[in-house]
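Okay, so here's the structure we're looking at.
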Amino acid sequence: MPLVVNLADVSDSDLPLVGGKASKLGEVVRQGLPVPPGIIVTTEAYQSFVDQTPVKAELAAALATIEPSRPETIEAASRRIRESFESTPFPPDLRTAIVASFERFSADEGVRFVAVRSSATAEDLEGASFAGLQETYLNVRGTEAVLDGIRRCWGSLFTPRVLVYRARKGFDHSDVRLAVLIQKMVDSVVSGILFTRDPNTGENHMIIEAGLGLGEAIVGGEVTPDHYVVDGASHRIVHKQLSEQAFMLVRNEEGGNKRVDLPEADRRKQKLSDEKIHRLASLARVIESHYRRPMDVEWCADDRSIYVVQARPVTTIPPANAPAADGRDERAMPHTTGAPASSSPPSEPIVRGFGASPGVAGGTARLLRTSAEMDHLKAGEVLVTTMTTPDMVPAMAQAAAIVTDEGGMTCHAAIVSRELGVPCVVGTRDATKLIADGEHISVDGKTGSVYRGLAFAKAAAAAAPAASSGSSGGGDGGHGHVPVTATRIYVNVGVPEKAAEYARLPVQGVGLMRIEFIFTAHVRDHPLALLKQGKHDQLVERLVEGIAKVCQAFHPRPVIIRTSDFKTNEYRGMPGGEEFEPHEENPMIGWRGCSRYISPIYKPAFLCELEAIEKVRSQKGLKNAMVMLPFVRNTWELEEIAGMMRDKGLRRSRDFQLYLMAEVPSTVLLAREFSAHCDGFSIGSNDLTQLVLGADRDSETLGRMGYFDERDPAVKRAIEMLIDGAHAEGRTVGICGQGPSVYPEFAEFLVRRGIDSISLNADTVVPTIRTIASLEQRLKLDGVRRGAA
């Protein structure tokens, strides 16, 4: 595995090698969007450093001393690990490889200053952004300073705030690795963050925040940025809120950053011109179209261009149709106005700001000036501070609510509080002056209002059950009243570590568990390479461990495990993969799915997958593990695979179902024939769309031109044919993908045509259930009306 790679050469499939931040930026580069050039010191380099130095023993020993209930043990372990990373010299071969790559990159790109940025394997994921938790160093100059920055980034994987956050999100400390992204530094005159959808309401509005100079001041909440709202459909600017900015961070020519006070005349000026707002919105729309989900985009601009410097999924979109705590629909209440959520609040708000994380909570106000005062905050109190820092995550996790003086919708406090489910109000300007330490306050995180006393919070909590609203408290993870639907709703699971969290969702099981994530995160090496090394048992046990974690969390609800569907180009990137994988001009329609399983070359690896699933069922007693086969082309390959499954003890029966992904048109055209070999189908809308329309789903040009769209009449006709054919044979049909949650009209089409189930990404489950329940009710009423007529 390479120790250093070029940013332009990576994609999402390289996440285990380059981490979340770098893999997603590589995808942005592939879309032809402007990204500062860079190189990546890979996770292989990180592992090499750990394995070849005393850090490995120090890491294991320090982690073993942690007692989660004792913060001082977390602090001590973190300090010990970071000191080990920062004081240990690079092994000579590793140092030589990094220095040679950096100096070549510097010469090729004319680099004077660089940004040294952490990119962890558990970062920028759905449901876990790790916003601001690992270190980044800006305007770094010189080879030795870069090497020092790399070690500091590696050490930041184990700061107290990261250890707490990672444990809360269900990631094993020993499974996480960190790459380091080194990029040419942009001399930013303005920078900020953009959400392609309002993260507080879920509405189709782009939220842009902009400040002068480097973006660190915005993310860190040191300044309150301008706030622009752009209509998602028309790209019309519908709202501007200009903020006063007293200073900005700029480059220090000797290295690092410096603070520069702004002249009075410039402090209230609009930070980003209307023209650049429209340009930025266009760039963000391309990123969202590629990922087919709401995205959080960090950007910066010099005198000439706008650059994308980070893109990650929006990790928290609230239920779209949930009423407020008093039963009213808050979607009509603009969060920037600070309108109270109750029709009769106990008093005027003490302060108003941006509603950054929804929910209502009350408690004793605890004013914290710095992270050193975290131990002053008791569980259930309201954290009031100028601005949270990443070091405050342990305190944020136990707070009932959070209120800050500075910051906007995209600052650290806003992002982390949404993930923790803690109500949050930011940008109040005067909260630390107007709220007394120890007084009782109520916080409305939806509308950005803070009231004296607990009456408002208690009234909201009492009203919530009667109003069938979502959770009114902070961080309890409740979903409120969720309607029952005739359409079964499942959730998609990738990373097994998220299973326990997702199992609390109101779903009927897992409709798609991608086994590829276990390969990339737990197995890592190419399966045939492991088998060649005689590591059959190790491969099977790692698969068993990952599959069982998901099945145990959801038991007895079914977990449908899609067997591996890597393409040849993806498999080649795994350690040992080059020996076994051919070069293909079009791997998307090449050697993948079932064609792999029946080939003599790959068959032994597929048998390990089957063996692992059988062990989960027989040895672990988790009979809810089911199987789904991807990219099925012919019935004769199914006959051979069925024989392989029977040999491994997996035979279709009442308590073991076999499903097929419907991605290839042959499966649709011969639905009744394929039905003889399975218990149901799951539509893979991405592959089905590209094969029905002959439109490469990775083609940016076709995507921009509107060719790739599952709502196309031809695709919808194919879905109708599949549902009709499968139902005629008594087989079920589901769909796994974002289409039904992104396009309400597509969801209505599926419900009207009688889809049996829909499997969704976790963050869209609750709002989509409500959408589907509303559709089903409307269809029922339409039927009653037609019957009456």
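The values are calculated or read from the model by the stated rules, or taken from the named source; none is laboratory data. Computed from a predicted model, the values in this text were never measured in an experiment. Counting neighbours? That spans all protein chains shown, and the Cβs are built from the backbone with ideal geometry, glycine included. For the accessible areas, the whole protein counts, side chains as well, though only heavy atoms, and no ligand, DNA or RNA atoms are used. Shrake-Rupley method; radii C 1.70, N 1.55, O 1.52, S 1.80 Å.
Figures for the structure shown
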{"read-out": "Rg followed by Dmax, in Å, when segment 670-745 is reduced to its Cα trace", "value": "13.4, 41"}
{"read-out": "Expected 222 nm ellipticity per residue - DSSP helices of 4 or more, -39500 (n - 2.57), all of the chain, to 500", "value": "-11000 deg cm²/dmol"}
{"read-out": "Carbon and sulfur %, accessible surface of the chain computed with the full protein complex present, 1.4 Å", "value": "49"}
{"read-out": "HN-Hα J in Hz across segment 444-450 - Karplus 6.51, -1.76, 1.60, θ = phi - 60°, x for Gly and Pro", "value": "9, x, 7, 9, x, 10, 10"}
{"read-out": "Under 5 Å, built H, 5+ apart or other chain: amide partners of VAL309", "value": "GLU298, TRP299, CYS300"}
{"read-out": "Accessible-area ranking of ARG770, ARG731, largest first, probe 1.4 Å", "value": "ARG731, ARG770"}
{"read-out": "Phi-based couplings in Hz for segment 674-691 (Karplus 6.51, -1.76, 1.60; Gly and Pro marked x)", "value": "5, 4, 5, 10, 8, 9, x, 10, 10, 6, x, 5, 5, 5, 4, 5, 5, 7"}
{"read-out": "Fraction of the pair-distance distribution of segment 198-278 above 19 Å, Cα-Cα pairs, percent", "value": "43"}
{"read-out": "Cα-based reach from LYS549 at 16 Å (exclusive), listing lysines while leaving out same-chain residues under 8 positions away", "value": "LYS169, LYS498, LYS615, LYS620, LYS623"}
{"read-out": "Percentage relative contact order, the chain, counting C-alpha pairs under 8 Å, at least six apart", "value": "9"}
{"read-out": "Under the Karplus curve 6.51 cos²θ - 1.76 cosθ + 1.60, θ = phi - 60°, whole-Hz ³J(HN,Hα) for segment 149-157, x wherever Gly or Pro sits", "value": "x, 4, 5, 5, 4, 4, x, 5, 5"}
{"read-out": "Charged-residue dipole, Cβ positions (Lys, Arg, Asp, Glu), segment 371-435 about Cα centre, Debye nearest 20", "value": "160"}
{"read-out": "Distance in nm between pseudo-label sites at SER305 and ILE237 (7 Å out along the Cβ direction from Cα)", "value": "2.4"}
{"read-out": "Solvent-accessible area per residue, Å², over the chain with all protein chains present [probe radius 1.4 Å]", "value": "38"}
{"read-out": "Environment charge at ARG80 (Cβ cut-off 13 Å; Lys +1, Arg +1, Asp -1, Glu -1)", "value": "-3"}
{"read-out": "Solvent accessible area, Å² - HIS440, 1.4 Å probe, full protein context", "value": "90"}
{"read-out": "Leading residue at positive end of dipole, the chain (Cβ point charges), from LEU629, SER599, SER78", "value": "LEU629"}
{"read-out": "Antiparallel DSSP beta bridges within the chain, percent to nearest 5", "value": "65"}
{"read-out": "Amide hydrogen neighbours beyond the local backbone of HIS205, cut-off 5 Å, H modeled", "value": "ASP198, GLY232"}
{"read-out": "Solvent-accessible surface (1.4 angstrom probe) belonging to ILE601, in square angstrom, nearest 10", "value": "100"}
{"read-out": "Net charge of neighbours whose Cβ lies under 9 Å from the Cβ of VAL189, counting Lys and Arg as +1 and Asp and Glu as -1", "value": "-3"}
{"read-out": "Surface/4 of the Cα convex hull for segment 60-120, nm²", "value": "6.1"}
{"read-out": "Relative contact order (percent, whole number), segment 570-688, Cα cutoff 8 Å, 6+ residue spacing", "value": "22"}
{"read-out": "Accessible-area ranking of TYR597, TYR707, TYR490, largest first, probe 1.4 Å", "value": "TYR707, TYR490, TYR597"}
{"read-out": "Kirkwood hydrodynamic radius of segment 614-691, from inverse mean 1/r over distinct Cα pairs, in Å", "value": "13.2"}
{"read-out": "Simple spin-label estimate for ARG80 and ARG654 in nanometres, 7 Å along Cα-Cβ", "value": "5.5"}
{"read-out": "Rounded accessible area of SER289 (nearest 10 Å², 1.4 Å probe)", "value": "70"}
{"read-out": "Sequence of HIS536, HIS526 from largest to smallest accessible area, 1.4 Å probe", "value": "HIS536, HIS526"}
{"read-out": "Check: the chain dipole with +1 on Lys, Arg Cβ and -1 on Asp, Glu Cβ, in debye", "value": "1660"}
{"read-out": "Residue (of LEU283, MET513, MET295) at the positive-pole extreme of the chain, dipole from beta-carbon charges", "value": "MET513"}
{"read-out": "Entries in LYS378/LYS433; LYS21/LYS269; LYS446/LYS780; LYS269/LYS446 that, when Cα-Cα distance is taken, lie over 24 Å", "value": "LYS21/LYS269; LYS446/LYS780; LYS269/LYS446"}
{"read-out": "Highest to lowest packing among 364-373, 351-360, 295-304, scored as the average C-beta count within 10 Å", "value": "351-360, 295-304, 364-373"}
{"read-out": "Cβ-based net charge around ASP756, under 15 Å, with every Lys or Arg adding one and every Asp or Glu removing one", "value": "-1"}
{"read-out": "With eigenvalues of the C-alpha gyration tensor scaled by 5 and rooted, segment 250-292, Å", "value": "31, 19, 7"}
{"read-out": "Those lysines that a straight Cα-Cα span of less than 21 Å connects to LYS567, excepting residues fewer than 8 apart in one chain", "value": "LYS24, LYS532, LYS603"}
{"read-out": "Under 5 Å, built H, 5+ apart or other chain: amide partners of GLY453", "value": "HIS440, ILE441, SER442"}
{"read-out": "Those lysines that a straight Cα-Cα span of less than 16 Å connects to LYS276, excepting residues fewer than 8 apart in one chain", "value": "LYS240"}
